[in-house]
Every structure is written in structure tokens, then in C-alpha cells.
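The values are calculated or read from the model by the stated rules, or taken from the named source; none is laboratory data. This is a predicted model, so every value here is computed, not measured. Cβ sites come from the backbone with ideal geometry, for glycine too, and all protein chains shown count toward neighbours. Note: accessible area is taken over every heavy atom of the protein model, side chains too, but ligands, DNA and RNA are not part of it. Shrake-Rupley method; radii C 1.70, N 1.55, O 1.52, S 1.80 Å.
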Amino acid sequence: DGELKAGDCSLSMTDSLTSEGWTRKTNFKEVDYEDPEEAAVRREVARKHAGQFSSLKIKDYSQWFPGRFNLVSNALARDNDRDDEELTKILQSCAPSQVPKSFKIHPLPKEIVSWLTSLLLRLPVKEQ
């Protein structure tokens, strides 16, 4: 069915802008240029990610890649104009032996969307 079960391993190709990347960070001390609320939100996301995997007994492994070498992470995090079909093709081309033919991107559950929205509302608005 494609869902992770207790005892499974999750391997993430990460960069520093993902919750998986944040869990690898040794501290979340805010630096002078960083908003304290942004750091607090990152801590909350990282802890939720780690807590979910831990409670489900899923082993969480990651391999870090600089953003310019991590097509999958970049496409998922930054290419908001790509549809699910295009993202699936990127995943299948980058790791064909690891992405089953039945792979499908599903929308997040409403509870997660609601939680993420509440976190976003806490962040300061940035001028573009």
C-alpha cells in the first residue's frame, strides 16, 4: 500500500530547508538576523517530525545534499508551479529503483494542513 509501518526505514534526501534537515541540527539558537518566532516554528516542526517517526517506530535516515545537487528536495520545496504528475516524474527519474510504479502523491490530511497553517500564521510577514 506504500505506507510506512513499524520497523520500516525512511531515507530522505535533504537540504537544510526541510524538517528532516532541521532534526539534524544540533541547536536552534537564534542568530542576530533570525526572527525568534521562525526558530520556534522550526523547532516545533522538527520535534513533531521526529516524534511522529519515533512513536510509529520508523527509522529515520537522511543524506544531506546541497540544494543545487538535490533536484528532488528543490522541486518539492520550491517549484510551486509543478503538478503532481511532473513531480512524480522527477522522483522516478532521480531514483527509479526506489520509486514503485504505483507511487502516487496524496494531499496532506486536513489535520496536518490545519496545524501547518496555524504555524504559518505565527510567522512574521516578509517584504518581497
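Taking segment 48-128, which trypsin sites (Lys or Arg not before Pro) meet the DSSP loop condition and have no more than 15 other C-beta atoms within 10 Å?
Within segment 48-128, the qualifying trypsin sites (Lys or Arg not before Pro) (loop, at most 15 other Cβ atoms within 10 Å) are 57, 82, 101, 104, 126.
Spin-label point model (7 Å from Cα, Cβ direction): what's the residue 101 to residue 85 distance in nm?
Modelled inter-label distance: 1.9 nm.
List, in order, the whole-Hz ³J(HN,Hα) value for each residue of segment 120-126 obtained from phi through the Karplus relation with A = 6.51, B = -1.76, C = 1.60 and θ = phi - 60°; use x for Gly and Pro.
Calculated HN-Hα couplings, in order: 4, 5, 7, 7, x, 6, 9 Hz.
With a 1.4 Å probe and all protein chains kept in place, how much accessible area does residue 83 have, in Å² rounded to the nearest 10?
Accessible area of residue 83: about 90 Å².
Once you have the Cα-Cα distance between residue 38 and residue 4, take 0.36 nm times their residue separation minus that, and quote the gain in nm to one decimal.
9.3 nm
Assuming a ≥ b ≥ c are the square roots of the Cα gyration tensor eigenvalues, decide whether segment 68-128 counts as rounded (a/c under 1.5), prolate (otherwise, with a/b larger than b/c) or oblate.
Note, shape of segment 68-128 comes out oblate.
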